[in-house]
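These notes are about the structure you will find just below.
The values are calculated or read from the model by the stated rules, or taken from the named source; none is laboratory data. Quantities reported herein were computed from a predicted structural model and do not represent experimental measurements. Reconstructed Cβ throughout: ideal geometry from the backbone, glycine too, with neighbour counts over all protein chains shown. Ligands, DNA and RNA are excluded from the accessible area calculation, which covers all protein heavy atoms including side chains. Shrake-Rupley method; radii C 1.70, N 1.55, O 1.52, S 1.80 Å.
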Amino acid sequence: MSNILDDQAALAALDSLGGLRALWGLPEQCADAFRLPDGVTIPEAGALSNVVVSGLGGSAIGGDLLRVWAADRMAVPVTVNRDYRLPAFVGEDSLVFCVSYSGNTEETLAAYADAREKGARTVVLTSGGRLKEMAAGDGVSVITVPAGISPRSATGYLFLPMLKVLYRLGLVADPDREMRELVAHLAGVREEIGPAVPGDGNPAKQLARRLFGKLPVIWGVSGTTEVVAMRFKGQINENAKAPAYWSVLPELNHNEINGIEGPDNVLKLLSVVFLRDPGDHPRVGLRVDITRRIIAGKVDVTELTARGIGRLARTYDLVYRGDYTSVYLAALYGVDPGPVPVIERLKKELAGL
Ligand code: F6R
């Protein structure tokens, strides 16, 4: 296997869109993201029944992060919509965040129009494009995120401004302390797993080597690490251009786990990564332990446990470790983590180009 992971010049040369640079800047991005809504007028929140985040891919994951973060703090539900149409329950008592990094994703543009038609209070989160133009024309609140990075590198920008909006509307307590914990924690994590740290002392490089040549299967836990599992899988797909799958406990204990009785030649391709959190329900923690014992010896298994004090720090602790691992895996495969030509092709063909 190549030693590219410890050759910083070679890593940078492969990374045409500066994904590693953006990743290094995540703590600063998070701090910046939290300030973005300052000065933006937000529609009044009186008598809200629900919050919906509408977006796709890298612009939707922030909605899921919000959904999990808010689950035990907000009196109204957060729903994530990855479609052209919004659910029928959306109406004048809804707050809809329309999120598209490029501002040109057709599903999100259609969902924006639907939100307007349904009379929902709407906030747009974008770096520009048609979405920003439409919102400006309609007098809808726009939080503008900096352009020039890929949507998946903008995970701070595409999530944290929503916390600030919810706080300003009185829907959640002030998350400022949790935010500061998050930024300080991530600044420490990058010193541990950034490109300058050699492979023998760098857990993200070691995990990338472990996943090399394997089919990664990321198993999270409902309500804590579930979104990170989805994110980690997506980052392997988009950065390393490799297949990966994800699922969650306890649900997978009721179906997917039976696959462990499958053919050895299939099982030996898998590498299972459990994502744990100190806040996991104790019974689910026990399920992870038992599940590990059941699959041990049949598939490769490892686990990552979230570190940090607050929920935000713990979530991004795992997001950051997964993100770095996926970029290192790209390097091991000799692929540029930046461009996503298959997504681009799909978008072009759909546009008739
Ligand atoms: C992530 C990525 C995709 C996009 C998705 C939607 O880096 O490239 O997952 O996020 O195709 O596009 P945007 O985010 O521009 O609405």
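How long are the semi-axes of the ellipsoid equivalent to the chain, from square roots of 5 times the Cα gyration tensor eigenvalues, in whole Å, largest first? Walk me through the intermediate numbers first.
Values: eigenvalues 219, 109, 82 Å².
Here the semi-axes work out to 33, 23, 20 Å.
Gain in length, Arg35 to Glu344, computed as 0.36 nm per residue apart minus the alpha-carbon separation, to one decimal in nm? Mind showing how you got there, number by number?
Numbers: separation 309, 0.36 × 309 = 111.24 nm, distance 3.12 nm.
Between Arg35 and Glu344, full extension yields 108.1 nm more.
In this rough spin-label picture, where each label sits 7 Å from Cα along the Cβ direction, the Asp176-Trp24 distance is 3.1 nm. Computed about its Cα centre, the charge dipole of the chain is approximately 340 debye, with only Lys, Arg, Asp and Glu carrying charge at their Cβ. Once both labels are positioned 7 Å from their Cα atoms along Cα-to-Cβ, the gap between Glu256 and Asp93 label points is 3.6 nm. Highest mobility in the GNM of the chain, judged by mean-square fluctuation with C-alpha springs under 10 Å and restricted to Arg152, Arg293, Arg314, is found for Arg293.
Most fluctuating residue of Val340, Val288, Val123 in a GNM of the chain with Cα springs under 10 Å: which is it? Residue with maximal mean-square fluctuation among Val340, Val288, Val123: Val340. Dipole magnitude for the range 93-168: about 300 debye, using +1 per Lys or Arg Cβ and -1 per Asp or Glu Cβ, origin at the Cα centre.
Here the chain is scanned for GluC sites (Glu not before Pro) in DSSP loops (not H, G, I, E, B) that have at most 11 other Cβ atoms within 10 Å, and the longest stretch holding none of them is 93-353. The C-alpha atoms of the range 23-174 occupy a region whose extents along the principal axes are 40, 33, 26 Å, arranged from largest to smallest.
Report, to the nearest whole %, how much of the accessible area of the range 23-174 belongs to carbon and sulfur atoms, 1.4 Å probe, protein only. If you can, show how the numbers build up before the last one.
Details: 2860 of 5690 Å².
C and S fraction of accessible area: 50 percent.
Met134 contributes about 40 Å² of solvent-accessible surface, heavy atoms of the protein only, 1.4 Å probe.
Against the criterion of solvent-accessible heavy-atom surface with a 1.4 angstrom probe, Asp93, Asp64 sort, most first, into Asp93, Asp64. When the square roots of the Cα gyration tensor eigenvalues are ordered a ≥ b ≥ c, the ratio a/c for the range 168-261 is 1.5 or more and a/b does not exceed b/c, which makes its shape oblate. The phi-based Karplus calculation (6.51 cos²θ - 1.76 cosθ + 1.60; θ = phi - 60°) puts the 3J(HN,Hα) values of the range 244-258 at 7, 9, 9, 6, 9, 8, x, 3, 5, 5, 10, 7, 4, 4, 5 Hz, whole numbers, x for Gly and Pro.
Under a 1.4 angstrom probe, counting protein chains only, how are Ile149, Ile193, Ile294 ranked by accessible area, largest first? Mind showing how you got there, number by number?
Details: Ile149 50, Ile193 5, Ile294 90 Å².
Greatest to least solvent exposure: Ile294, Ile149, Ile193.
Between 0 and 90 degrees, the angle of helix 26-35 with respect to the longest Cα principal axis of the chain falls at about 20 degrees.
The orientation-averaged projection of the convex hull spanning the C-alpha atoms of the range 225-353 amounts to 10.0 square nanometres. Compute the FRET efficiency between Ala9 and Glu44 as 1/(1 + (r/R0)^6), taking r as their Cβ-Cβ distance and R0 = 45 Å, and round to the nearest 0.05. It comes to 0.25. For the residues Val78, Val228, Val299, a GNM of the chain with alpha-carbon springs under 10 Å puts the largest fluctuation on Val299. Using R0 = 51 Å, the C-beta based FRET efficiency linking Ala187 and Lys298 works out to 0.85.
How large is the charge dipole for the range 23-174, taken about the Cα centre, if only the Cβ atoms of Lys, Arg (+1) and Asp, Glu (-1) carry charge, to the nearest 20 debye? Kindly include the intermediate steps, with their values, before the conclusion.
Working: 13 positive and 16 negative charges, 24 e Å.
The calculated dipole for the range 23-174 is roughly 120 debye.
The number of Lys pairs in the chain with C-alpha atoms less than 28 Å apart, excluding pairs fewer than 8 positions apart on the same chain, is 26.
Taking only protein heavy atoms and a 1.4 Å probe, what accessible area per residue, in Å², does the range 23-174 have with all protein chains in place? Mind showing how you got there, number by number?
Details: 5690 Å² over 152 residues.
Each residue of the range 23-174 exposes 37 Å² on average to a 1.4 Å probe.
Note on the range 295-352: dipole from Cβ charges, positive end direction compared against Pro339, Gly308, Leu350; the farthest Cα belongs to Gly308.
Against the chain, whose longest principal axis comes from its Cα atoms, helix 176-193 is set at around 30 degrees.
Available extension along the chain between Asn104 and Val266 is 54.3 nm, counting 0.36 nm per residue and deducting the alpha carbon span. The range 17-34 and the range 273-317 have Cα centres separated by 26 Å.
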